[in-house]
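Undergrad: Shown below is the structure under consideration.
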Amino acid sequence: MTWQQCQAVISRRSELPHGHILLGLKAPPVAARARPGQFLHVRCGGDGWPLLRRPFSLAGILPAEGEVELLVRRVGKGTAWLASQPVGQVLDVLGPLGNGFPRPWQKQKQGDLLGVAGGVGVAPLVPALLEAARTGWDVGLLLGAQDAPGLLLVERLRASGIDVSTCTEDGSYGRQGLVTELLAERLPGASLVFACGPPGMLRVVREMTTAVECYFSLEERMACGVGACLGCACQSGDGYHLVCRDGPVFSAREVQL
Ligand SMILES: Cc1cc2nc3c(=O)[nH]c(=O)nc-3n(C[C@H](O)[C@H](O)[C@H](O)COP(=O)(O)OP(=O)(O)OC[C@H]3O[C@@H](n4cnc5c(N)ncnc54)[C@H](O)[C@@H]3O)c2cc1C
Ligand code: FES
């Protein structure tokens, strides 16, 4: 077992557009073991409600600081509670959980990694893109959102040397259109694609990437988060997989969306 239940202290928080929030968590045991694409299962609520923990991808892994980061979109009671917690608040977390993305850059010196994300789907891609770029891979990110404020973490990624291309549905920033239209132009030359976003986006990415290795980070409602309740099963070619235990990262050809 590589995960554990531990306390994480909110060390910093920044409000981002459209109700998103970036939280820094001091959690040295998690930061020391975490891999890009893994997630934390967080108890969200001081009064025991919501009863079930909520899963969040690691949007930053900073082992030297003993910190990880979460990018949170407020959608309901649990995320509203988490997003409203002050610096210094102690959180009860399980993690790091899940399999994470493959990391071929640990063996291959050169490669071209392309991330494709919709909105908050950028979160699990960030640590993978940064790690691959640090080892000398060419790394690009195609990021789509409904409007300009929905394009999260763009400046931070560009400052780290990631080539970020953006598009918005309303045309308020970058190209007007869907992120898959950017993918059509950028796919030639990519040796590996990582994607996270709504199922409709992932279906199109899968159709477009039949000739290149492609992995998805999937989101599914979760209860236990550790493979015990079967609550997060998703269909695959050979039966079903548990998103929390076997994922959340799957080969694009492995899962049904
Ligand atoms: C592996 C994994 C990684 C995730 N990473 C992130 C992340 O980095 N940042 C982030 O903001 N969220 C992430 N999520 C989604 C997040 O867990 C949910 O948004 C959260 O559990 C909602 O809790 P809530 O109590 O606020 O909403 P609830 O009150 O439970 O639900 C409110 C509304 O949100 C919808 N909803 C709830 N969960 C999901 C979900 N998983 N996907 C889509 N819609 C949902 C519900 O259907 C409902 O309409 C991730 C989920 C998984 C499984
Ligand atoms: S959430 Fe319980 S098995 Fe995945």
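Derivation of every value follows stated rules applied to the coordinates shown; laboratory data play no part. This structure is a prediction, so every number in the text was calculated from the model and none was measured. Cβ sites come from the backbone with ideal geometry, for glycine too, and all protein chains shown count toward neighbours.
Undergrad: Taking the chain as a Gaussian network, Cα atoms linked when under 10 Å apart, which of V204, V126, V116 shows the biggest mean-square fluctuation?
TA: Looking only at V204, V126, V116, the biggest GNM fluctuation is shown by V204.
Undergrad: Cα centroid distance between region 186-206 and region 1-68, in Å?
TA: 26 Å
Undergrad: On to the next question. Kindly express, to the nearest 10 degrees and within the range 0 to 90, the angle between helix 122-134's C-alpha long axis and the longest C-alpha principal axis of the chain.
TA: Between the helix axis and the principal axis of the chain, the angle is about 70 degrees.
Undergrad: Next up: Using every alpha carbon pair in the chain, what percent of pairs falls into each 10 Å bin from 0 up to the bin containing the largest distance?
TA: In whole percents, the pair-distance histogram is 7, 32, 38, 20, 3, 0.
Undergrad: Most exposed first by the Cβ proxy, i.e. fewest other Cβ within 10 Å, how do E69, E219, E207, E181 rank?
TA: Ranking E69, E219, E207, E181 by Cβ neighbours within 10 Å, fewest first, gives E207, E181, E219, E69.
Undergrad: Here's another thing I want to ask about it. List the relative contact order of region 102-214 as a percent without decimals, with contacts defined as Cα pairs under 8 Å and 6+ residues apart. Walk me through the numbers before you get to the answer.
TA: On the way: 212 pairs, mean separation 33.0, N = 113.
Relative contact order of region 102-214: 29 percent.
Undergrad: Here's a follow-up. Need one word for region 104-213: rounded, prolate or oblate. Basis is the Cα gyration tensor (sqrt eigenvalues a ≥ b ≥ c); a/c below 1.5 gives rounded, then a/b vs b/c decides.
TA: In terms of gyration-tensor shape, oblate.
Undergrad: In a Gaussian network model over the chain where Cα atoms closer than 10 Å are linked, find which of G37, G247, G76 has the largest mean-square fluctuation.
TA: G76
Undergrad: Could you list V30, V226 so that the one with the fewest beta carbons within 10 Å of its beta carbon is first and the one with the most is last?
TA: Values: V30 26, V226 16.
Result, fewest neighbours first: V226, V30.
Undergrad: Sequence gap at least 6, Cα distance under 8 Å: using those rules, report the relative contact order of region 4-97 to the nearest whole percent. The partial results should precede the final answer.
TA: Working: 208 pairs, mean separation 38.6, N = 94.
About 41 percent, as a whole number.
Undergrad: Report, in deg cm²/dmol and to the nearest 500, the calculated mean residue ellipticity at 222 nm for the chain, where each DSSP H run with n ≥ 4 adds -39500 (n - 2.57) and the sum is divided by the residue count. Let's see the in-between values first.
TA: Details: 7 runs with 54 residues, N = 257.
Computed ellipticity for the chain at 222 nm equals -5500 deg cm²/dmol.
Undergrad: So if I restrict to the alpha-carbon atoms in region 1-81, what is the Rg, and what is Dmax, the biggest pairwise distance, in Å?
TA: 12.4, 37
Undergrad: Across all directions of projection, what mean area in square nanometres is found for the Cα convex hull of region 89-130?
TA: 4.7 nm²
Undergrad: Let me have the relative contact order for the chain, percent, based on Cα pairs under 8 Å that are six or more residues apart. Write down the numbers at each step before the final one.
TA: Working: 596 pairs, mean separation 44.6, N = 257.
Normalised by residue count, the contact order of the chain is 17 percent.
Undergrad: Nearest 0.05, what FRET efficiency do L230 and A148 give at R0 = 35 Å with Cβ-Cβ as r?
TA: Efficiency computed from Cβ-Cβ geometry: 0.30.
Undergrad: May I ask which residue of A64, G140, M201 lies farthest towards the positive end of the charge dipole of the chain, with charges of +1 (Lys, Arg) and -1 (Asp, Glu) on Cβ and the Cα centre as origin?
TA: So the residue furthest toward the plus end is A64.
Undergrad: So for region 67-164, considering every pair of alpha-carbon atoms, how many percent are separated by more than 16 Å?
TA: The proportion of pairs with Cα distances above 16 Å equals 64 percent.
Undergrad: Nearest 20 debye, what's the magnitude of the dipole of the chain about its Cα centre given +1 on Lys and Arg Cβ and -1 on Asp and Glu Cβ?
TA: 580 debye
Undergrad: While we're here: Putting +1 on Lys and Arg Cβ atoms and -1 on Asp and Glu Cβ atoms, find which of G46, H18, Q110 reaches farthest to the positive end of the dipole of the chain.
TA: G46
Undergrad: What dipole magnitude, in Debye to the nearest 20, does region 104-213 give about its Cα centre under +1 on Lys/Arg Cβ and -1 on Asp/Glu Cβ?
TA: My answer is approximately 340 debye.
Undergrad: Among V212, Q235, M222, whose Cα sits farthest toward the positive end of the charge dipole of region 203-243 (+1 at Cβ of Lys/Arg, -1 at Cβ of Asp/Glu, about the Cα centre)?
TA: After comparing all options, I get M222.
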